[in-house]
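Here the structure comes first, spelled out in structure tokens, and everything after it is commentary.
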Amino acid sequence: MTNEQIQALIEQGIAGAEAHVDGDGTHFVAQVISDAFKDLSLIKQHRIVYGALGDHMKSAIHALSIQTFTRDQWVKQQAFKVI
């Protein structure tokens, strides 16, 4: 499975989501931005992402590190990035 395929699955599975995915073919890191995460626990946010990936989590994706953000959290996080 490619980074782009995982990104597409997340963005199609979570309305209005933006995903940034990096990985080596089996181990991946996903940053997912969606206002659907607002007021949800981290566990519930991750379950939403896992739900978007469906059965791929059982076969094609060996490991996935997830970082979830609302749009406001993402904007604030980006403001502190050093380029």
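Every read-out reported here was derived from the displayed coordinates using simple, explicitly stated rules and does not represent laboratory data. All values derive from a computational prediction rather than experimental measurement. Every residue, glycine as well, gets a Cβ built from its backbone with ideal geometry; the counts of neighbours run over all protein chains shown.
General observations
- The residues of segment 1-10 that are surrounded by 17 or more Cβ atoms within 10 Å (Cβ to Cβ) and free of Cβ contacts under 8 Å to residues at least 24 places away in the same chain amount to a single one, Q7.
- Failed condition for D72, given (1) surrounded by 11 or more Cβ atoms within 10 Å (Cβ to Cβ); (2) acidic (D, E); (3) at positive phi: (3)
- Summed over segment 37-62, residues that are farther than 11 Å from M1 by Cα and surrounded by fewer than 17 Cβ atoms within 10 Å (Cβ to Cβ) total 13.
- Filtered by the rule that a residue be closer than 13 Å to A52 by Cα and surrounded by fewer than 17 Cβ atoms within 10 Å (Cβ to Cβ), segment 12-30 gives Q12, G13, A15, G16, E18.
- Scan of segment 1-46 for residues that are charged (D, E, K, R) and touching a strand residue (DSSP E or B) at 6+ places or on another chain (Cβ under 6 Å), ordered by number: E11, E18, D22
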